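Worksheet for the structure shown next.
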Amino acid sequence: MADKVVLAYSGGLDTSVAIRWINENYHMDVVTLTADLGGEKRDMPSIREKAVNVGAVKALVVDAKELFVRHFVFPALRADALYEGQYPLATALGRPLIAKLLVDAAAEEGASAVAHGCTGKGNDQVRFDVTVCALAPHLKIIAPAREWGMTREETIAYAQRHGIPVPVTAESPYSIDENLWGRSIECGVLEDPWAEPPEEVFSWTSSPKDAPDKPCYVEIGFERGIPISLDGREMDGVALIQELNQVAGEHGVGRIDHVENRLIGIKSREIYEAPAATTLLVAHKALEAMTLTKDQLRFKEKVASEYADLMYNGLWFTALHRDIAAYVESTQRHVTGTVRVKLLKGNASVVGRKSPKSLYSFRLATYDKGDEFDQSASLGFIHIWGLPVKIQAQIQGVEQTDDPLGEDKK
Ligand code: ARG
């Protein structure tokens, strides 16, 4: 019996060619695995059929939406993870899960290797390979598209030679990856960072200029940092994200245009559509602003950027992530409440928030009747706070006041 490999299979041209190419070059039996993380609607029965027709010995399909949301998306939301302050990490969060499913299937099927369709230029190969190293260091990793050295035309010719169906419609010039947390688009004209993305690259969001003139308000209920309801209706995470993608997408929310730093050292121009992620991230941050102290917020912000780098760089299954995840989890114990977000013409703005654990005190904040803040106490506070400044001025002289803008040194 030939050795077995489990291949992450999208049903597209490259991974179909990969089935045949592995048969030919590694003489291994290929089991395909197609994971549904809630991206575009795909016809799973025909994907399975295609895999088997092309030469797979078995075609597995896994609905991983719930796992994805519970174990990857919500932890990232609780961390406020945005890579380089912009990218909600949809693709980056999906890869370690798919890699984990490959590893589990390999154990089940008695396979000695796993395979994926990533090229040698992106982050995704790193995320797959490092996850496999972490979870099953004995497995061999095969990445046909990184190894075969075929151009686009050569891949198509290879497919035609082997009776692998080639899409008849002109193929999209874009490379697209989708899951519940967002849609990533690259290549084609987008490789010119000066070129405005053509409307055709977007499919989850209306153009803000065509979006309704009337705002839509959504109320998102959180419990310990996890969204649990929409407009008062309790919902499971998958349904909540799906509905928010729909509603916020209609209002043009969640378009992101980012020149980002890939792990492998190159800059690339990426377009993202992430209506639900954008809305949930602003809402979650607004609730944290109300329920965490200033010091907690300052520290958590630093952790968020570390966390995002870790996710982006393929280090999900690592000891450091485990430690940071425990910290993030602890920060969320009082992040419970409701946030009201206004969706209008491409913007998601927080317009209201309330929480039983709110640290906001009207009695302390108000300038009107009912003010309980003891203004006379500020005097003593400022006396001590400003003391070192005053002493320095007295002893070392007044600095910077006669030339505050450094004009004399010009
Ligand atoms: N640049 C993003 C990331 O590294 C998206 C990658 C999208 N992948 C793709 N095949 N289009 O996470």
Relative to a virtual label point 7 Å from the Cα of ASN25 in the Cα→beta-carbon direction, which members of segment 96-132 show backbone nitrogen distances below 12 Å? 116-120
So for the pair ARG42, GLN396, with labels modelled 7 Å out along Cα→Cβ, what separation do we get in nm? 6.3 nm
Taking every DSSP beta bridge with both residues inside the chain, roughly what % is antiparallel (nearest 5)? 70 percent
Need the C-alpha centroid separation for segment 240-304 versus segment 85-127, integer Å. 22 Å
What do you get for Rg/Rh over segment 209-345 if you use C-alpha atoms and the Kirkwood form of Rh? 0.99
Within segment 347-376, list the residues whose amide N lies under 20 Å from a label point set 7 Å along Cα→Cβ of TYR217. 347-356
Backbone N within segment 127-156 under 17 Å of label point (7 Å from ALA107 Cα along the Cβ vector): 131-140
Just to be sure I understand: with springs between alpha-carbon atoms less than 10 Å apart, which residue in ALA377, ALA79, ALA145 has the highest mean-square fluctuation in the Gaussian network model of the chain? ALA377
Report the net charge of residues surrounding ILE226, where surrounding means a beta-carbon distance below 15 angstrom and charges are Lys +1, Arg +1, Asp -1, Glu -1. -1
Distance in nm between VAL389 and ASP257 label points, each 7 Å along Cα→Cβ, equals 4.2 nm
Mean shadow area of the chain over all directions, Cα convex hull, nm²: 28.2 nm²
For GLU306, what accessible surface area do you get with a 1.4 Å probe? Give it in Å², rounded to 10. 100 Å²
Charge sum, other residues only, whose C-beta stays under 12 Å from SER305's C-beta, Lys/Arg counted +1 and Asp/Glu -1: -3
One would report the Cα pair-distance distribution of segment 110-171, bin width 10 Å, in %, as 19, 39, 29, 12, 0
Compute the normalised compactness of segment 11-130: alpha-carbon radius of gyration over 2.2 N^0.38 Å, N being the residue count. 1.12
If each residue of separation counts as 0.36 nm, what is the full-extension length gain between HIS138 and ASP192 once their alpha-carbon separation is subtracted? 15.3 nm
Simple spin-label estimate for ARG333/SER349, 7 Å along Cα→Cβ, in nm, reads 3.6 nm
If I ignore ligands, DNA and RNA and count only protein heavy atoms, how much of LYS209 is accessible to a 1.4 Å probe, in Å² to the nearest 10? 150 Å²
In the calculated pair distance distribution of segment 129-211, what percentage of Cα-Cα distances lie above 19 Å? 64 percent
Starting from the Cα of LYS58, draw a straight line to each of the lysines and keep only those under 21 Å, dropping any in the same chain fewer than 8 residues away. LYS4, LYS50, LYS100, LYS140
Here the net charge surrounding LEU135, from other residues whose Cβ is less than 9 Å away from its Cβ (Lys, Arg +1; Asp, Glu -1), is 0
Segment GLU243-LYS121, length gained on full extension (0.36 nm per residue, minus Cα span): 40.5 nm
Full-extension gain between GLU171 and ASP374, please, as 0.36 nm times their residue separation minus the C-alpha to C-alpha distance. 66.2 nm
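The values are calculated or read from the model by the stated rules, or taken from the named source; none is laboratory data. Quick caveat, the model's predicted, so the values are computed rather than measured. Note that we place each Cβ from the backbone using ideal geometry, even for glycine, and neighbour counts take in every protein chain shown. Note: accessible area is taken over every heavy atom of the protein model, side chains too, but ligands, DNA and RNA are not part of it. Shrake-Rupley method; radii C 1.70, N 1.55, O 1.52, S 1.80 Å.
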